[in-house]
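Trainee: My questions all concern the structure below.
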Amino acid sequence: MTETLSEIRPLVAGNWKMNGLSAALGESAEVRDALPALGKSAPDVMICPPATLVAQLAAASKGSALAVGGQDCHAAASGAHTGDISAEMLKDAGATAVIVGHSERRADHGELDRIVKAKAAAAHRAGLTAIVCIGETKGERLADLTLNVVNRQLAASLPDTATAHNTVVAYEPIWAIGTGLTPEAKDVAEIHAAIRKNLESRFGPAGKGIRILYGGSVKPTNARELLSLPNVNGALVGGASLKAVDFLAIIRAYG
């Protein structure tokens, strides 16, 4: 059965980026232990730690409401790719999802849309949910190209195998990530509506159920406003996910 918009269960995912040693698992444990008390209003919750912590976090979270994801994967299942991690390896370590196409990967490693698409397809192949990131730069925003960029990235980064069950889209305006700046609520609503229209046009009924997360300086002080907007089905949280008290405050925006 295809999910309708009213039936979409929100997702709040924390991206720890290149932060966290074993001691940081105390923060994730605090999040894990707090989730049962949130009741039926709680969204799905996920933490995407560095690759070195995926297996430990998955083991510590087994049987709980806290899901674990990876931050990137290679398109191939195996091979001579020193330093890379396949989607199958993440699955084997206990992950259920993986972020692909984050702006920092696109910028720091030159990842093009076609590479992101291949990684998303790899996630599907391995049985993982692909969290596909899209978003515009400050220059593109100032040139009024936001919707052009978003639509282009959606077309070129999402594989045809995308469904509401194996794909999440995360809209992250690049100029807002880690800067403390966020678009106005009306702008977020407009962009998410355009993403929804794009997904429905391409994927039909399945496009109605694909979760669209907002990312870009999501914090306790703005979470409730952002997460209540139409077509905002959760958040991809960066720095605020590193501390349990802040991450839980964002999760409780659904309470």
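Since every read-out is calculated from the coordinates, none of them should be taken as a lab result. Since the model is a prediction, treat every value here as computed from it, not as a measurement. A quick note on method: Cβ atoms are made from the backbone with ideal geometry, for glycine too, and the neighbour counts reach across all protein chains shown.
Trainee: What full-extension length gain, to one decimal in nm, is calculated for Asn151 and His165 as 0.36 nm per residue of separation minus the Cα-Cα distance?
Mentor: Stretched fully, the Asn151-His165 segment lengthens by 2.9 nm.
Trainee: Which residues does a label at Arg224 reach in the stretch 36-61, if reach means a backbone N under 19 Å from a point 7 Å past the Cα toward the Cβ?
Mentor: Label zone hits: 38-43.
Trainee: With contacts defined as alpha carbon pairs under 8 Å and 6 or more residues apart, what's the relative contact order of the chain in percent?
Mentor: After rounding, I find 22 percent.
Trainee: Sticking with this one: Grab the beta carbon distance between Ser64 and Glu200, set R0 = 45 Å, and tell me the FRET efficiency rounded to 0.05.
Mentor: 0.85
Trainee: Show the residues, 5+ positions off or on another chain, whose built amide H is closer than 5 Å to the amide H of Val237.
Mentor: When sequence neighbours closer than 5 places are left aside, the close amide H contacts are Ala13, Gly14, Asn15.
Trainee: Here is a follow-up. Show the residues, 5+ positions off or on another chain, whose built amide H is closer than 5 Å to the amide H of Ile99.
Mentor: Gly70, Gln71, Asp72, Ile131
Trainee: I've got another one for you. Please count, across the stretch 5-254, the pairs of lysine residues with Cα atoms under 25 Å apart that sit 8 or more places apart or on different chains.
Mentor: 28
Trainee: Using DSSP H assignments, which helices in the chain have an axial alpha-carbon span of 18 Å or above and a mean Kyte-Doolittle hydropathy of -0.5 or higher?
Mentor: TM-like helix candidates: 113-126, 185-203.
Trainee: Identify which of the listed values of semi-axes √(5λ) of the Cα gyration tensor in Å was calculated from the structure shown: [x] 24, 22, 18; [y] 31, 24, 17; [z] 35, 21, 15.
Mentor: [x]
Trainee: A further question follows. Compute the relative contact order of the stretch 1-133 as a whole-number percentage, counting only Cα pairs closer than 8 Å that sit 6 or more residues apart in sequence.
Mentor: Contact order relative to length: 20 percent.
Trainee: If R₀ is 35 angstrom, what is the calculated FRET efficiency for the pair Ser22 and Arg114, using the beta carbon separation as r and rounding to 0.05?
Mentor: 0.45
Trainee: Loop-only GluC sites (Glu not before Pro) in the stretch 173-241, please: DSSP not H, G, I, E or B, and at most 14 other Cβ atoms within 10 Å.
Mentor: When the GluC sites (Glu not before Pro) of the stretch 173-241 are filtered for loop state and at most 14 Cβ neighbours within 10 Å, Glu184 remain.
Trainee: If we count other beta carbons within 10 Å of each Cβ, what is the order of Glu172, Glu111, fewest first?
Mentor: Glu111, Glu172
Trainee: Could you tell me the calculated FRET efficiency between Arg125 and Ala80, based on Cβ-Cβ distance and R0 = 22 angstrom, to the nearest 0.05?
Mentor: 0.70
Trainee: How large is ³J(HN,Hα), in whole Hz, for each residue of the stretch 36-47 in order, when computed from phi with the Karplus curve 6.51 cos²θ - 1.76 cosθ + 1.60 and θ = phi - 60°, using x for Gly and Pro?
Mentor: x, 6, 7, x, 5, 7, 5, x, 5, 10, 9, 10
Trainee: Find the relative contact order for the stretch 46-115 and round it to a whole percent, using C-alpha pairs within less than 8 Å whose residues are 6+ positions apart.
Mentor: Computed value for the stretch 46-115: 31 percent relative contact order.
Trainee: Related question: May I ask you to evaluate 6.51 cos²θ - 1.76 cosθ + 1.60, the Karplus curve with θ = phi - 60°, for each residue of the stretch 136-144 and list the ³J(HN,Hα) values in order in whole Hz, giving x for glycine and proline?
Mentor: Each residue's phi maps through the Karplus curve to give 9, 7, 4, x, 5, 5, 5, 8, 6 Hz.
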